[in-house]
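What follows is a set of notes on a single structure, which appears directly below.
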Amino acid sequence: MKRYFITGLLIWIPLSVTFAVLAWIVSTLDGWIMPWLPESLDPTKLLGFHIPGLGVLLFAFILFATGVIGANVLGQRVVRFWESLLARIPVVKSLYNSIKQVSDTLFSDNGKAFSKALLVQYPREGIWTIAFLTGTPGDDIAQRLGGGYVSVYVPTTPNPTSGFFLMLPSKDVIELDMSVDEALKYIISMGVVAPPSRTPETSILLLD
């Protein structure tokens, strides 16, 4: 009976948490988007009942429309004008620039951020952990270090959103034969959910 009970928990817990997170996302976006609709377009008043998830669809449409507008010359001018206005507000300027730099790095098509899963020795020699490649040190730092270094992010477990930023010699970093998604699952599960077995092809990370 104990084994069956645990098996049932292992089935229902992931499903329950998944549906709870999805329900929270849907309700949150509905609460943000729907109040902005004019009464003439409010489906609750037009149809007489609430349609869950409509806020998600409208939010996706807004993101797509914003991307289309921001991709042309006129839209880019509007974005630059908006950023110039934000740059005149002391506190907002620092916050916006920091968030923009992080988002541009993470979502850049040609960026290296979180492009590779690595194996590094941390917090001391002989103890290994998983890290992610984030790039290379800047010019000033690279000159002082002498070159041949990579920038990595070492996440904590089970919450990978917090962690440590390190600059390590590329010869001390081993590139793993696993995807970033597999490495994240491995970290979040605290080593319980291991990546699928592959033929080991460990290699020292080489700088481009």
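The values are calculated or read from the model by the stated rules, or taken from the named source; none is laboratory data. Not measured: the values here are computed from a predicted model. Cβ placement follows ideal geometry from the backbone for every residue including glycine, while neighbour counts extend to all protein chains displayed. Ligands, DNA and RNA are stripped out before the accessible areas are found, and what is left, the full protein with its side chains, is counted by its heavy atoms. Shrake-Rupley method; radii C 1.70, N 1.55, O 1.52, S 1.80 Å.
Okay, here's what the table says:
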| item | result |
| --- | --- |
| Contacts under 8 angstrom Cβ, first residue in the range 175-194 being assigned to a helix (DSSP H, G or I), partner of a type in the set (D, E, K, R) and surrounded by 17 or more Cβ atoms within 10 Å (Cβ to Cβ), 6 or more apart | Val180/Lys116 |
| Total residues in the range 43-84, condition under 16 Å from Lys100 (Cβ atoms) and among the β-branched types (Val, Ile, Thr) | 3 |
| Number of positions in the range 135-161 that are of a type outside the set (S, T, N, Q) and assigned to a loop (DSSP other than H, G, I, E, B) | 7 |
| Pairs where the first residue, in the range 18-42, is farther than 16 Å from Phe61 by Cα and the second is open to solvent by 70 Å² or more (accessible area, probe 1.4 Å) and in a helix (DSSP H, G or I), C-beta under 9 Å, 6+ apart | Glu39/Lys45; Ser40/Leu46 |
| Only one of Thr161, Thr199 that is under 21 Å from Pro14 (Cβ atoms), hydroxyl-bearing (Ser, Thr, Tyr) and modelled with pLDDT under 90 | Thr161 |
| Criterion violated by Glu83 - all others in (1) open to solvent by 60 Å² or more (accessible area, probe 1.4 Å); (2) part of a helix (DSSP H, G or I); (3) charged (D, E, K, R) satisfied | (1) |
| Unmet criterion (only one of (1) more than 30 Å from Phe81 (Cβ to Cβ); (2) among the small types (Gly, Ala, Ser); (3) under 14 Å from the mean Cα position of the chain (by Cα)) for Ser179 | (3) |
| Subset of the range 30-48 that is touching a Gly at 6+ places or on another chain (Cβ under 9 Å) and not charged (D, E, K, R) - its residue that is most open to solvent (accessible area, probe 1.4 Å) | Trp32 |
| Every residue from the range 97-143 that is aromatic (Phe, Trp, Tyr) and either modelled with pLDDT under 90 or open to solvent by less than 40 Å² (accessible area, probe 1.4 Å) (or both) | Phe107, Phe114, Phe132 |
| Positions within the range 32-65 being more than 25 Å from Val79 (Cα to Cα) and modelled with pLDDT of 85 or more, in sequence order | none |
